[in-house]
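The values are calculated or read from the model by the stated rules, or taken from the named source; none is laboratory data. Treat the numbers as computed from the prediction; the structure is a model and nothing was measured. With ideal geometry, Cβ positions are generated from the backbone for all residues, glycine too; neighbour counts draw on all protein chains shown. Surface areas here come from the heavy atoms of the whole protein model, side chains and all, with no ligands, DNA or RNA. Shrake-Rupley method; radii C 1.70, N 1.55, O 1.52, S 1.80 Å.
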Amino acid sequence: RTGIGHVMAISGLHLVFFISLICFILKKFRIPKILTFLISIIAVILFSICVDSPVSVIRAGVMIILSKQAELIFRKNDPLNSLMLCVFFMLLVQPYLIINSSFLLSVSGTYGVSVAAPYFVEKIKKHYNIPKILNSLITMICVSLCVFPVSAMFFDETSIISPVSNIFLVPICMAVLFLSFVIFLMAGFTTIMVIFKPVIKLLVFII
């Protein structure tokens, strides 16, 4: 109802978070780009298999691989080109995805956050000096507008408070994901559990 279902459901957001964390660790250890690229592919495949390969995760995985490949050959990644290539290949393999709600929500949301929002933010910045929180609000409004037709078509409703709720609730949700991921990596190590569990409970209570 608050428009943050994309955080609660397994989606491309989780894969991006997972791969970003892995790449951050690899960068700290000065791992070569080619090896980072190969590890990223393996991580994408393993993550997709573990979560039963929902279309939103596959979409994110293809875009991540395209992005990492661009870095490898010293080219600037273009989000629109990556998204359209991803859509093309996925529809080529499975044409009926064109009427799949998860696929359409994933594509429209990604278009909103990676293409439409940067365009409008850049245009506004040329004329006005706007604060960072307003940038976030513009981004969330763009995402909401892009997913609105799909949401209305499949679910007969949409969340008009999602732009605001995403700004304040998504960072808390990401903090919960991060702490949970640390616990997972530490295999439930007792000391870590004792420290993080009350914090996670508090954050979940706030949400």
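Let's test this: bin the Cα-Cα distances of segment 108-196 at 5 Å from zero up to the farthest pair and state each bin's percent.
3, 13, 16, 16, 14, 11, 10, 9, 6, 2, 0
Report, ordered by chain and residue number, the lysines lying within cross-link reach of Lys123, taken as a straight Cα distance under 18 Å and ignoring same-chain residues fewer than 8 apart.
In chain and number order, the partners are Lys132.
Taking the simple approach of a point 7 Å from Cα along Cα-to-Cβ for both Phe29 and Tyr96, what is their distance in nm?
Reported label-point gap for Phe29 and Tyr96 is 4.3 nm.
What residue among Met63, Phe24, Ser108 has its Cα farthest toward the positive end of the dipole of segment 3-126, where the charges are +1 on Lys, Arg and -1 on Asp, Glu, each on the Cβ?
Checked the options; the winner is Phe24.
Taking a cut-off of 16 Å between Cα atoms, list the aspartates and glutamates near Lys68, but don't count ones fewer than 8 places away on the same chain.
By straight Cα distance, Lys68 reaches Asp78.
Per residue of segment 104-119, in order, report the coupling 6.51 cos²θ - 1.76 cosθ + 1.60 (Karplus, θ = phi - 60°) as ³J(HN,Hα) in whole Hz, putting x for Gly and Pro.
Along segment 104-119, the couplings run 5, 5, 5, 5, 5, x, 5, 4, x, 7, 9, 10, 5, 4, x, 4 Hz.
Sorted by accessible area (1.4 Å probe), largest first, how do Leu35, Leu179, Leu46 line up?
Heavy-atom accessible area, descending, gives Leu46, Leu35, Leu179.
Add -39500 (n - 2.57) for each DSSP H run of 4 or more in the chain, then divide by its residues: what number comes out at 222 nm, to the nearest 500 deg cm²/dmol?
After summing the helix terms and dividing by residue count, I get -25000 deg cm²/dmol.
Nothing charged except the Cβ atoms of Lys and Arg (+1) and of Asp and Glu (-1): what's the magnitude of the dipole of segment 85-207 about its Cα centre? Round to the nearest 20 debye.
420
Along Cα→Cβ, 7 Å out, is where each label goes; now give me the distance between the ones at Lys132 and Asp156 in nm to one decimal.
Taking the two extended label points, one gets 4.3 nm.
For q values of 0.19, 0.25, 0.28 Å⁻¹, compute log₁₀ I(q)/I(0) with the Debye formula on a Cα-only model of segment 6-66, without solvent.
Treating every Cα as an identical point scatterer, log10 I(q)/I(0) equals -0.64, -1.00, -1.17.
Please pull out the direction-averaged projected area of segment 91-137, using the convex hull of its alpha-carbon atoms, in nm² to one decimal place.
Reported value for the Cα convex hull: 4.2 nm².
Taking the Cα centre of the chain as the origin, how large is its charge dipole in debye, to the nearest 20, when only Lys and Arg (+1) and Asp and Glu (-1) carry charge on their Cβ atoms?
Its charge dipole is roughly 760 debye.
Which listed residue (Ser165, Ile34, Thr139) has the Cα farthest towards the positive end of the charge dipole for the chain, taking +1 on Lys and Arg C-beta and -1 on Asp and Glu C-beta about the Cα centre?
Final value for the positive-end residue is Ile34.
Over all alpha-carbon pairs of segment 1-116, lay out the pair-distance distribution in 5 Å bins, whole %, shortest bin first.
2, 11, 21, 23, 21, 13, 6, 2, 1
Multiply the residue separation of Phe148 and Phe205 by 0.36 nm, subtract the distance between their alpha-carbon atoms, and state the gained length in nm to one decimal.
Length gained, Phe148 through Phe205: 17.7 nm.
GNM on the chain, C-alpha springs below 10 Å: top fluctuator among Met186, Met63, Met140?
Met186
For Phe184 and Ser48, calculate 0.36 nm times their separation in residues minus their Cα-Cα distance, and state this gained length in nm to one decimal.
Full extension from Phe184 to Ser48 adds 47.2 nm.
Return the carbon/sulfur percentage of the accessible area of the chain, one whole number, probe 1.4 Å, all protein chains in place.
Exposed carbon and sulfur together represent 73 percent of the surface.
Mind jotting down the distance between the C-alpha centroids of segment 76-147 and segment 1-51, whole Å?
Centre-to-centre (Cα) distance: 19 Å.
Could you work out the Rg to Rh ratio of the chain, with Rh taken as the Kirkwood radius (inverse of the mean 1/r over all Cα pairs)?
Result: Rg/Rh = 0.97.
Placing one identical point scatterer on every Cα of segment 158-203 and ignoring solvent, what is log10 I(q)/I(0) from the Debye formula at q = 0.22, 0.25, 0.29 Å⁻¹?
Log-scaled intensity ratios, in q order: -0.72, -0.83, -0.99.
As a test of understanding, state the convex hull volume per residue of segment 1-41 from its alpha carbons, in Å³.
Given the Cα convex hull of segment 1-41, per-residue volume reads 62 Å³.
Which of the aspartates and glutamates could a cross-linker span from Lys27 if the Cα-Cα distance has to be under 16 Å and same-chain partners fewer than 8 positions apart are dropped?
By straight Cα distance, Lys27 reaches Glu71.
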